[in-house]
Amino acid sequence: MGSEAEIVRKPRFLCLHGFRTSGEILKTQVHKWPESVLQKLDLVYLDAPFPSQGKSDVEGIFDPPYYEWFQFNKEFVEYTNFDECLAYIEDFMIKNGPFDGLLGFSQGAILSAGLPGLQATGVALTKVPKIKFLIIIGGAMFKSPSVAEKAYDSPIKCTSLHFLGKTDFLKEYGMELVKKCVDPVVIHHPKGHTIPRLDEKGLETMLSFVDKIQNMLLDK
């Protein structure tokens, strides 16, 4: 029994935080989840490459510094520093990987859900192993036409878990994203644009998702 337990490898996730927050803030938010979930995952938190270029929504709640992954125009359709952001993430994955999956919140969730498609079309993460799993919290799809065209060229085949908040301003966009995924599991929660605590049903869904991806790693 002991030797079997040692073979079980924790799924390793690179965690991408929300706009104008930080890896440390995301870690604090995720640690609202119970130990029964956290102990089964190997979570690595990364700060985005660019210092915040404006006021953060979490000012007064979480301490600075705050970072952003890339910048965008008012309509969210034109991105600045996007290629630099992709290169930065890949460089970190090369030096600190391999990673099995991505966990993202908000801007980090949009990135996480779009990266497998960008990887499949050869736009990003060409030097690292294929992303297998996604945990998407408060996510949406890229709105830049040139990026979206490549990111969603075909359905997202990763095994994915999505958190959709009842009052999240991104909820309808998160639902659109779920439809793009081949094998999505969804946890609905009553909150807004946040990383929610897990109620009994949510915990059950999360644990079964974690068991599933752990078994997938064992089967490899």
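The values are calculated or read from the model by the stated rules, or taken from the named source; none is laboratory data. Values in this document were obtained by computation on a predicted structure and should not be read as measured data. With ideal geometry, Cβ positions are generated from the backbone for all residues, glycine too; neighbour counts draw on all protein chains shown. When the accessible area is computed, the model is the full protein with side chains, heavy atoms only, and any ligands, DNA or RNA have been set aside. Shrake-Rupley method; radii C 1.70, N 1.55, O 1.52, S 1.80 Å.
Details
- The lone exception for residue 165 - which of (1) surrounded by fewer than 17 Cβ atoms within 10 Å (Cβ to Cβ); (2) within 24 Å of residue 76 (Cβ to Cβ) it fails: (1)
- Scan of segment 111-144 for residues that are closer than 30 Å to residue 198 by Cα and in a helix (DSSP H, G or I), ordered by number: 111, 112, 113, 114, 115, 116, 117
- Any hit, segment 53-60, residues being more than 15 Å from residue 26 (Cα to Cα), surrounded by fewer than 14 Cβ atoms within 10 Å (Cβ to Cβ) and touching an Asp or Glu at 6+ places or on another chain (Cβ under 8 Å): yes
- Counting the residues of segment 7-44 that are open to solvent by less than 60 Å² (accessible area, probe 1.4 Å), under 17 Å from residue 60 (Cα atoms) and in a loop (DSSP other than H, G, I, E, B) gives 3.
- Filtered by the rule that a residue be part of a helix (DSSP H, G or I) and surrounded by fewer than 17 Cβ atoms within 10 Å (Cβ to Cβ), segment 174-204 gives 175, 176, 179, 200, 201, 203, 204.
- Scanning segment 69-82 for residues that are charged (D, E, K, R) and surrounded by 13 or more Cβ atoms within 10 Å (Cβ to Cβ) yields a single hit, 78.
- Among the conditions (1) surrounded by fewer than 24 Cβ atoms within 10 Å (Cβ to Cβ); (2) of a type outside the set (A, V, I, L, M, F, W, C); (3) not in a loop (DSSP other than H, G, I, E, B), the only one that residue 108 does not satisfy is (1).
- All conditions in (1) among the small types (Gly, Ala, Ser); (2) within 27 Å of residue 144 (Cβ to Cβ); (3) modelled with pLDDT under 95 hold for residue 18, with the sole exception of (3).
- Residue list for segment 124-140, restricted to those being buried (at least 20 other Cβ atoms within 10 Å of the Cβ) and not small (Gly, Ala, Ser): 125, 131, 133, 134, 135, 136, 137
- Candidate set from segment 83-105 (those that are of a type in the set (D, E, K, R) and in a helix (DSSP H, G or I)); member that is surrounded by the most Cβ atoms within 10 Å (Cβ to Cβ): 90
- Residue check, residue 86 under 21 Å from residue 140 (Cα atoms) and within 16 Å of the chain's Cα centre (by Cα): yes
- Hits in segment 172-213 (condition: of a type in the set (Val, Ile, Thr) and over 20 Å from residue 156 (Cβ atoms)): 194, 195
- Flag if residue 143 is within 22 Å of residue 69 (Cα to Cα) and open to solvent by 70 Å² or more (accessible area, probe 1.4 Å): yes
Here is a yes/no grid of residues against (1) in contact (Cβ under 8 Å) with a residue 24 or more places away in the chain; (2) not polar (S, T, N, Q):
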site	(1), (2)
8	yes, yes
26	yes, yes
35	no, yes
49	yes, yes
55	yes, yes
63	no, yes
68	yes, yes
73	no, no
